[in-house]
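Peer 1: Below you'll find the structure I mean.
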Amino acid sequence: MACGQVQNTGICIEVRGSISQYRGPDSAGCAGAGCAAIFAIAPPQPEQAEADHLFLQRVWAEHADSGVSLRRGTSSTFSIDSAGGDGADTPLSAADSAYLCGFVRRRVFDEWRHAEPSLSKVSGSFEIFNPTHGANMGWHQDGYNQGVYIAHYYLIGDNCEVENTAMDWFEIALPPPLPATDGDVGENYSVELLNGVLDQARIHRISPRNFVAFAFKTPAQQRLVVFEDVECYHRTPLTAHVHAGNLQRQRRRPIARFVFYGVRDDGQPAGFGAETVLVSEPTVVTPHDDMCTLPSGLLQAVKSFAERAGHEKSFNEALVAYMTGTQEVVRWLRCGSGINNPG
């Protein structure tokens with residue numbers, strides 16, 4: 001690789017039509033041998049993609065203070081089925097609720113059903129995540145069960161210029177699952193404590209080899225990032241520490257968030273990474289070794305941290321420290337790292 005950076009050989013990408021599946025390592029660390037749990041859905045035609053973006057951006061602008069959010073007690077739910085029985089229960093206007101259903105149908109349901117023809121229904125919830133309600137820079141899951149997927153679409157927040165690259169990407173990791181144990185590891189633990197121990201053990205397995213950064217793009221290029229919560233870990237970029245309180249006060253980084261699940265014709269749960277693929281859609285599998293194409297803001301932050309360390313750290317070491325979220329990295333970011341930080 002020309003730039004001499006880490007090769008991310010722990011993840012393989014399977015391109016199936018307009019959906020790119022990211023398959024992580026298995027418990028033994030074999031690249032691409034684990035489950036497919038991250039999906040990037042290509043946008044529709046530019047005109048439709050622009051209209052979708054403007055719709056979500058307007059909803060954000062109109063509801064930035066009150067929020068369209070389950071977390072604030074305002075339930076926004078939708079249901080899309082193969083018979084065309086679309087419906088939504090939201091605080092939005094009837095026209096906006098109908099557009100929301102159309103968005104979910106063309107950018108989730110239709111794409112999913114193209115790969116899994118037995119898909120009959122998708123149900124879920126919608127919210128505009130308001131950064132004023134907080135941001136989590138630690139690796140975490142949101143607590144949903146297997147078969148529940150989260151989709152993120154990124155918007156432009158208040159007081160944010162398009163060229164702001166300090167945190168214009170999404171960080172997600174597919175650490176290998178823990179090896180199976182022969183003994184009863186839970187004998188001396190409560191369920192809650194055991195889950196916490198295992199959770200931390202998986203987080204400690206996050207590395208450049210199982211990490212993906214999805215950069216923000218123009219509306220016409222913006223992919224819908226979908227992931228199965230139970231299999232992945234995600235976080236707000238650690239560089240958000242640069243903004244200190246401004247991340248919340250200036251309402252940076254709003255996100256349109258969809259949480260959903262699918263049901264097949266036989267009533268069974270539908271998997272987004274289904275093996276059933278149309279014969280006319282060949283699968284292209286490639287190693288995810290494009291660490292040279294890290295989002296520019298992340299690349300700059302890691303390079304700056306390596307240089308700030310007095311050349312004691314290589315780029316690879318600095319990248320690992322960033323992913324781990326060491327106290328050294330966090331202190332450096334909070335003190336002002338010199339990376340792009342407008343406002």
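Peer 1: How would you rank 17-24, 77-84, highest first, on the average number of other Cβ atoms within 10 Å across their residues? Provide the component values of the computation, followed by the final result.
Peer 2: Values: 17-24: 21.2, 77-84: 15.9.
Answer by packing, highest mean first, reads 17-24, 77-84.
Peer 1: Once you put a point 7 Å from the Cα of S79 and another 7 Å from the Cα of T324, both along the Cβ direction, what distance in nm separates them?
Peer 2: Simple spin-label model gives 4.9 nm for this pair.
Peer 1: To continue, here is another question. Note the full-extension length gain between E317 and D26 as 0.36 nm times their separation in residues minus their Cα-Cα distance, in nm to one decimal. Don't skip to the end; give the middle numbers.
Peer 2: Details: separation 291, 0.36 × 291 = 104.76 nm, distance 2.38 nm.
That pair, E317 and D26, stretches by 102.4 nm at full extension.
Peer 1: If you don't mind, another one. Modelling each spin label as a point 7 Å along the Cα-to-Cβ direction, I'd like the R58/A98 distance in nm, to one decimal.
Peer 2: 1.3 nm
Peer 1: Determine the gain in length on full extension of the stretch Q48-S118; use 0.36 nm per residue of separation and subtract their C-alpha separation, reporting nm with one decimal.
Peer 2: Working: separation 70, 0.36 × 70 = 25.20 nm, distance 2.64 nm.
Net length gain for the segment: 22.6 nm.
Peer 1: Sort 206-217, 142-153 for me by packing, meaning the mean count of neighbouring Cβ atoms within 10 Å per residue, highest on top. Write out the running numbers ahead of the final one.
Peer 2: Details: 206-217: 20.1, 142-153: 16.1.
So the peptides 206-217, 142-153, ranked by packing, come out 206-217, 142-153.
The numbers here are math on the coordinates, done by the rules we state, and not lab data. Note that the coordinates shown come from a computational prediction; the quantities given were computed from them, not determined experimentally. Methodologically, a virtual Cβ is constructed for each residue, glycine included, from the backbone with ideal geometry; neighbour enumeration extends over all protein chains shown.
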